[in-house]
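To start, the structure under review is shown below, and the notes come after it.
The values are calculated or read from the model by the stated rules, or taken from the named source; none is laboratory data. Owing to the predicted nature of the structure, the values given are computational and were not obtained by experimental measurement. Virtual Cβ from ideal backbone geometry, glycine too; neighbours counted across all protein chains shown.
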Amino acid sequence: MYSEQELIQACIRQERPAQRQLYERFASKLFATAMRYMKNRSDAEDVLQDSFIKIYQKIDSFRFDCPLEAWLRKIVVNTALKQLQSQPNYMEHTDSQLISDEVEQDEFTLSGFEFTQLMEIVQSLPDGCRTIFNLYAIEGYQHNEIANMLGVTEGTSKSQYSRARTLLQAKLKAMGIAPKAMK
């Protein structure tokens, strides 16, 4: 069993046992990240596979200035975004789908939910809403950063996030769960 630094150094040397250990240590967490962005398991598996190819190719660029898991997760997120953006009409929306920024701004919590329940609810969102919800609410990016990442306006990012909040609230209400208003 390698320490994290030994593991990285061995992966830089392209040692197969180290690459296998890196995969085994992080694959399940990174797969969960991919599942948040993709509509189905098959697409998430593709993202995970593509991500690990990039990870192995770029591991020598890891600078130890952040936790290894955060660096790996960023690669998965970027790989998922690239795959999503390659789909036709990915961020397309109509004005009727846009929701005002004046939606309630109270706090929303999802504590007490099982992971699989949360995944199903988030995955049911339209692609653009799901992506922006994940980037903003889970990954912690700001709307201006999301706009730059996705090549959309900051207003589009905000409106898609607002739409995601509203859709999630409606889904929870339909499940008989009365959530606090979403942030």
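Condition check: surrounded by fewer than 17 Cβ atoms within 10 Å (Cβ to Cβ) and more than 18 Å from Ile132 (Cβ to Cβ). Does Ala70 satisfy that?
So Ala70 passes the test.
Restricted to the stretch 19-56, and to residues that are farther than 15 Å from Lys74 by Cα and among the basic types (Lys, Arg), which residue is modelled with the lowest pLDDT?
Going through the qualifying residues, I end up with Lys39.
Please identify the pairs in which a residue from the stretch 145-165 that is basic (Lys, Arg) has its Cβ atom under 6 Å from the Cβ atom of a residue that is part of a helix (DSSP H, G or I), counting only partners at least 6 apart or on another chain.
Lys158/His143; Arg163/Cys129
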